[in-house]
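The values are calculated or read from the model by the stated rules, or taken from the named source; none is laboratory data. The model shown is predicted, which means the values in this text are computed figures rather than measured ones. Quick reminder, even Gly has a Cβ in these numbers, built from the backbone with ideal geometry, and neighbours come from all protein chains shown. Side chains are part of the model used for accessible areas, which takes the heavy atoms of the whole protein and leaves out ligands, DNA and RNA. Shrake-Rupley method; radii C 1.70, N 1.55, O 1.52, S 1.80 Å.
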Amino acid sequence: MRATRAAAVVPAAGRGERVGSPQNKLLLPLAGSPVLAHALRALESCPAIAAIIVAARPEEHGPVAAVARTAGIAKLTGIVPGGETRQESVRRALSAVPAAHPLVAVHDGARPLVTPAEVAACVAAAADTGASVLAVPVTDTLKEVDPEDGRVRRTIRRERLWAAQTPQVFRRDWLLEAHARAAAQGYVATDDCDLVERLGHPVAVVPGSLENVKITGPEDFRRAERILRERAGEGPAVPMVRVGSGYDAHRLVPGRALVLGGVRVPYDRGLAGHSDADVLIHALVDALLGAAAAGDIGRLFPSSDPAHKDADSRIFLRRAAECVRERRMEILSVDATLVAQEPKIAPFVPEMRAVIAAALGVPVERVSVKATTTDGLDDTGAGEGMAAHAVATVAQHAME
Ligand code: CTP
Ligand code: MG
């Protein structure tokens, strides 16, 4: 005997206001195709679904038809105008379901992650009992809160609570009657199960999965995308990591303060330069600008500019961090090595790291500062100057 099949009704006529995009969320891309395309594909590839009718706002009938065409939805038999509420949209699509279909599966266009197996399980349960709902047990402890004062009134025991999803599948005659009665009574619910329950019909619960996310807010796109990547065996999205290097050297001269890593270090000479000649920070700035392919310190802060005379080099560091962020990149780490024969740098390293981290706006663990001598082998070894090498890594996250 052939298993009973259902006609699917897909409410897709909302505005997606909570997502905050001017376009209906169902037409926004999720892992390469519109949210609605994913939902339709699950229904298309479920053998228990015989036909699909979508409710859409009249001005979106064209885009919805195009989505279905591109996704290869051969079971689509109609697109009807939606209503002011989800319930009204379902009612209109339901009235377009031919009487030849004894079962109707209602599935939100906003649930793109449903699996064909879940749809089939709901249809099978409704074929048995007349009505079914896909649902998951509630895991959070629920509180009833007074909207007036924002205080908890009582705790609701969750042992018997389930969160309803879609699909929800019903005998067509029950669902028609449930909608007609609700319309006559002016009763509005957020799901169809509620309407059928009110007629006193039993509804079977089919255990679902937390992965069957309803796209409601912007963060749901990221969650859904993660789940889809996992299902495709792609693992988490890996950001592109970029590396930049920097180098600088300055001569030591009498009569100048020695500033290294934004910290005044007591010494009998200081580094010569147009700004405060903080060789460590200059190398870091070039490393960051290099990682972001944003030029170099000489181009951004020309020494011909009198504004930079004796300037605090932390200004350059802050600006370099801005250049990185303006390019939608994130500073992952910076590491600098100071090359100096004298004085001892180690006691100042913790403060340098803190100053650099503050200027970059990153946690201090992302900043490393080291120092070395060259054992008297070159000009820095001879104490004539200091040099610094630096490396920076930045992440370029995938577009959302
Ligand atoms: N829906 C509908 N007709 C409406 C309102 C909603 O067909 N008048 C559909 C939505 O397109 C969605 C489903 O019902 O597929 C669930 O509704 P919801 O998640 O609330 O979507 P929106 O109403 O679009 O979003 P929002 O409430 O944030 O505006
Ligand atoms: Mg809504």
Report task. Tell me which residues, restricted to the stretch 290-311, are assigned to a helix (DSSP H, G or I), more than 34 Å from the chain's Cα centre (by Cα) and in contact (Cβ under 8 Å) with a residue 24 or more places away in the chain. Result -> 308
Query - Close pairs (8 angstrom Cβ cut-off, 6 or more residues apart or separate chains): part of a helix (DSSP H, G or I) in the stretch 17-32, open to solvent by 50 Å² or more (accessible area, probe 1.4 Å) and more than 9 Å from ligand 1 (Cβ to nearest atom) anywhere - result: 19/218; 27/63
Requested in this report: Evaluate the following for residue 178: is it under 16 Å from residue 106 (Cβ atoms), surrounded by 16 or more Cβ atoms within 10 Å (Cβ to Cβ) and free of Cβ contacts under 8 Å to residues at least 24 places away in the same chain?
Outcome: yes
Report summary line: Picked from the stretch 33-52 (must be in a loop (DSSP other than H, G, I, E, B) and either in contact with a strand residue (DSSP E or B) (Cβ under 9 Å, 6 or more places away or on another chain) or free of Cβ contacts under 8 Å to residues at least 12 places away in the same chain (or both)), the residue farthest from ligand 1 (Cβ to nearest atom) is 48
Query - Residue, farthest from the chain's Cα centre (by Cα), within the stretch 64-92, restricted to residues that are of a type in the set (A, V, I, L, M) and part of a helix (DSSP H, G or I) - result: 90
Query - Output for the stretch 172-216, where each listed residue is polar (S, T, N, Q) and closer than 25 Å to residue 96 by Cβ - result: 185, 190
Requested in this report: Please work out which residue is nearest to ligand 1 (Cβ to nearest atom), limiting yourself to the stretch 1-16 and to residues that are modelled with pLDDT under 95 and open to solvent by 80 Å² or more (accessible area, probe 1.4 Å).
Outcome: 2
Report task. Go through the stretch 312-349 and count every residue that is part of a loop (DSSP other than H, G, I, E, B) and under 40 Å from the mean Cα position of the chain (by Cα). Result -> 4
Query raised in the report: Going through the stretch 44-91 one residue at a time, which ones are more than 18 Å from residue 28 (Cα to Cα), open to solvent by 20 Å² or more (accessible area, probe 1.4 Å), of a type outside the set (S, T, N, Q) and within 16 Å of ligand 2 (Cβ to nearest atom)?
Result: 84, 86, 88, 91
Query - Check on residue 55, in contact (Cβ under 8 Å) with a residue 40 or more places away in the chain, within 28 Å of residue 184 (Cα to Cα), away from ligand 1 (no atom under 13 Å from the Cβ) and in a strand (DSSP E or B) - result: no
Report task. Examine the stretch 134-141 for a residue that is open to solvent by less than 60 Å² (accessible area, probe 1.4 Å), in contact with a Phe, Trp or Tyr (Cβ under 7 Å, 6 or more places away or on another chain) and without any contact (Cβ under 8 Å) to a residue 40 or more places away in the chain, and state whether such a residue exists. Result -> yes
Query - Where a residue in the stretch 210-234 is β-branched (Val, Ile, Thr) and its partner, wherever it lies, is surrounded by 14 or more Cβ atoms within 10 Å (Cβ to Cβ) and outside any loop (DSSP other than H, G, I, E, B), with Cβ under 6 Å and at least six apart - result: 213/220; 213/223; 213/224; 215/25; 215/35
Query raised in the report: Quick check: is even one residue across the stretch 93-110 open to solvent by 20 Å² or more (accessible area, probe 1.4 Å) and assigned to a helix (DSSP H, G or I)?
Result: yes
Query raised in the report: How many of the residues making up the stretch 148-165 are assigned to a loop (DSSP other than H, G, I, E, B) and either touching a strand residue (DSSP E or B) at 6+ places or on another chain (Cβ under 6 Å) or surrounded by 13 or more Cβ atoms within 10 Å (Cβ to Cβ) (or both)?
Result: 2
Query - Of all residues making up the stretch 359-379, the number that are of a type in the set (Val, Ile, Thr) and crowded, with 21+ Cβ neighbours inside 10 Å - result: 2
Query raised in the report: Which residue pairs have Cβ atoms under 7 Å apart, sit 6 or more places apart or on different chains, and have a first residue in the stretch 314-342 that is modelled with pLDDT of 95 or more and a second that is buried (at least 16 other Cβ atoms within 10 Å of the Cβ) and of a type in the set (Lys, Arg)?
Result: 331/366; 332/366; 333/366; 334/366
